[in-house]
Amino acid sequence: MKLTDPVSKIRFVGKKYQKRLKNLDIETVSDLIHHYPTRYKDFSKISEISSLLAGEPATIKGEILEIKNIFTRRGKKLTKAIVADNSGTLLLVWFNQHYITNTIHQGDTFYFSGKLKNFSGQPAFLSPQYEKADSPAKHLTKDNQNYQSSNLVHTGRLVPIYPETSGVSSKWLRARIKAVFENLEQKPKDPLPKIIKEEYNILNLNKALKFIHFPNNQKEIKRARNRIAFEEMFWFQLQTLRKRRQWQKQKPAARIFLSAKQKEKIAKLIGSLPFKLTNAQKKCIAEIQKDMEKETPMNRLLQGDVGSGKTVVAVIAAYTVALAGKNTAYMAPTEILAKQVYRTFEKYLKPYDIKLSLQTGSSPQTAVRTPHTARRKQQKAEGGSPFADVIIGTHALLHRKEILKNLGLVIIDEQHRFGVKQRAKLLDSNNIKEKTPHSLTMTATPIPRSLALTSYGHLDISTIDELPPGVKPTKTWVVPEHKRSAGYKWIKRQLSTSSNQQSADLKNQAFFICPLIEESEHETLKDVKAVTTEFERLKAIFSEFEVGLLHGQMDSEEKEKTARNFRQGKIQVLVATPVVEVGVDIPQANIMVIEGAHRFGLAGLHQLRGRVGRSGQKSYCLLFTPKKGKTTRKRLKALEEHNSGLELAKIDLKMRGPGELYGAKQHGIPEFDFASLSNLDLIKTTRAAAQKIINEINNYPELKKYLNTKHIAPN
């Protein structure tokens, strides 16, 4: 049997099991031996029947004195057996498993593993694991017992429990994996270089596979898991470093060196802003401008909490590129956000003769031309043909190749919301293969250090780690179901007052966020509020206020009208889906109510509450949840205690994993068996190991070949 053989080559694996195994992503012999246990049942203690203790897992070896199938008066199927060893007898009971009498017969000697429990007043093993012994019970000696237990698979040892699927049990998997180890023509090649294993004291692959499937003790399990975790993270780190190097081999679409006059223009723009830039913003701008001078294209991620001023940094980056005669493309995840960004760019850049174009699914397809000075003069002489220095849009940008031929900078907002292919398509769409535009991706979900060293290791990271002066933390409460009515009364009082010192006419405003658009009949979603139903209910509860509705399935004009009315104060209560998480900027809004808060990640909840209190007024966030579990309560309570997005991201990463933070499928974050993206020690170790090897990768042809077969590279 070879590792590359299909599983059908394994004994007892026919077409039926081949199909079932495919549900577990097992198609080859190699896939099967790399299908790892998630836990173990400890049946390693082999005891005499007379020494069994109630509730403790143990294994006995005994002779079957009798076994029979029984139908109870209530129609239940039982199989009862009496087993004996030198110290006594024990009752065995199985439920609805009459087929057992075809395997276990009177006079046979078996190992049985289970916990001693009470059955109808008698001590018994209920539904015990069983395995035939090679020798009769009367010949059981201490030495013979140790020999027997080392060869057991389902009893008398640490018994592995695997991820299962319908028709494929852990017992069945154990037997097949055992058969594979006994029939392999050659051992699996270990892809880890010897120098790495020696330096970091890493177990070799074959021992790790033996220990993970058939361990003799907990120490072997730990060593095997450490080996597999190291390997998983090591490959990911290598891929990350290789991707970074590939990017660094490219030539930038433009190396931007600012003249003294251009620096004056940027300083003038910054001086005209209605607020002062924070030191963090200034630092990020300097990092971006320095990157755009280099011989390699910029590949930078800009992170910062909601309201920290990322968009203004993007404005100055785009202005810098425009001064160098190149276009900027800004891709936003929603049309609402694209229009919001367009208004911001227009406000700050229009006075400086920077032309803008909005490209969304519903916007007119306006022409865009190169903004070179010579071309500008020609266009003006020809009657002023339309052109744009900055093109802002949604994924519609991907379908307008002709507008991106002079691309100098790509800005991708909330980048985890776009698929890997979408981002790659935009970066490649300038059709100049030997030149690559600078790339600036932005996120309001802060990156914990462990993720920064792995999933984002191919990016340089700039962080806006301070909020503008005057921004106050949003007071947050978790509101249980029995306090809902009191919560509504409090909200009504807030809506009836004004927190705006300049105008008493501008009343407070509130968001009500619901996870779904329509009601769901799905059992797991019955407790989730639907925005359309909740809108009707809240209209009645808040009848003295104007209530609006906003969700993704509304047409563009309707969405824009609702957002505009809310912005102008004509609507005081906006019932919406999380579409407002990014894009709806309402300065006077100060209340955020989130229904079904347990359905959201902490990062998402933090972004939602970041939509209120943007004018420095007192703001509040109410998290409604019907769930009473300790885990839910603990997670949501973190929002009451922390206003730092980075702290919340760390907590979410630890409790729910990276997929909940960034969307694993969209971002390319892998799912590991044993490695963890919150294990900073492992990440540091494997990154150091990968950095040593990446420089000598050509000296390890097998490693290089193996690396090319892995599909866990970050985007």
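The values are calculated or read from the model by the stated rules, or taken from the named source; none is laboratory data. Predicted, not measured: the structure shown is a model, and the values here were computed from it. Please note: Cβ atoms are built from the backbone with ideal geometry, for glycine as well, and neighbour counts cover all protein chains shown. Surface accessibility is based on the protein's heavy atoms, side chains included, excluding ligands, DNA and RNA. Shrake-Rupley method; radii C 1.70, N 1.55, O 1.52, S 1.80 Å.
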| query | Can you give the accessible area per residue of region 149-308, in Å², using a 1.4 Å probe? | reply | 48 Å²
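For region 669-708, report the accessible area per residue in Å² (1.4 Å probe, heavy atoms, rounded to an integer).
Values: 2250 Å² over 40 residues.
Here the residues of region 669-708 average 56 Å² of exposed surface.
As a quick test, which of the pairs Lys310/Lys684; Lys261/Lys347; Lys219/Lys634 have an alpha carbon distance above 26 angstrom in this structure? Walk me through the intermediate numbers first.
Numbers: Lys310/Lys684 29 Å; Lys261/Lys347 22 Å; Lys219/Lys634 33 Å.
As for pairs spanning more than 26 Å Cα to Cα, those are Lys310/Lys684; Lys219/Lys634.
Mind ranking 55-68, 255-268 by how tightly packed they are, going by the mean number of other C-beta atoms within 10 angstrom, highest first? Before the final figure, lay out the partial values.
Numbers: 55-68: 18.6, 255-268: 12.9.
Sorting 55-68, 255-268 by mean packing, highest first, produces 55-68, 255-268.
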| Surrounding net charge for Lys178, when Lys and Arg each add one and Asp and Glu each subtract one, Cβ distance under 13 Å | +4
| field | Distance-filtered residues of region 608-627 - backbone nitrogen under 19 Å, label point 7 angstrom along Thr533 Cα→Cβ | value | 624-627
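In whole percent, what relative contact order does region 219-362 give with Cα contacts below 8 Å and a gap of six or more residues?
Values: 80 pairs, mean separation 32.8, N = 144.
23 percent.
Arranged from highest to lowest average of other beta-carbon atoms within 10 Å per residue, in what order do the peptides 541-549, 203-211 appear?
Details: 541-549: 15.9, 203-211: 18.4.
In decreasing order of mean packing, 541-549, 203-211 become 203-211, 541-549.
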| How large, in percent, is the carbon and sulfur part of the accessible surface of region 278-327 at a probe radius of 1.4 Å? | 45 percent
| remark: Taking every other residue with Cβ under 11 Å from the Cβ of Ile33 and scoring Lys and Arg +1, Asp and Glu -1, one gets +3
| request: Over all directions, average the projected area of the Cα convex hull of region 199-295 and note it in nm². | output: 11.8 nm²
| How large is the accessible surface per residue of region 17-87, computed with a 1.4 Å probe and reported in Å² as a whole number? | 58 Å²
| Using 1/(1 + (r/R0)^6) with R0 = 22 angstrom and r between the beta carbons of Lys210 and Lys2, what's the FRET efficiency to the nearest 0.05? | 0.75
| field | Mean shadow area of region 1-64, taken as a quarter of the surface of its Cα convex hull (nm²) | value | 7.2 nm²
| query | Of the accessible area of region 1-72, with the probe set at 1.4 angstrom, what percent is carbon plus sulfur? | reply | 49 percent
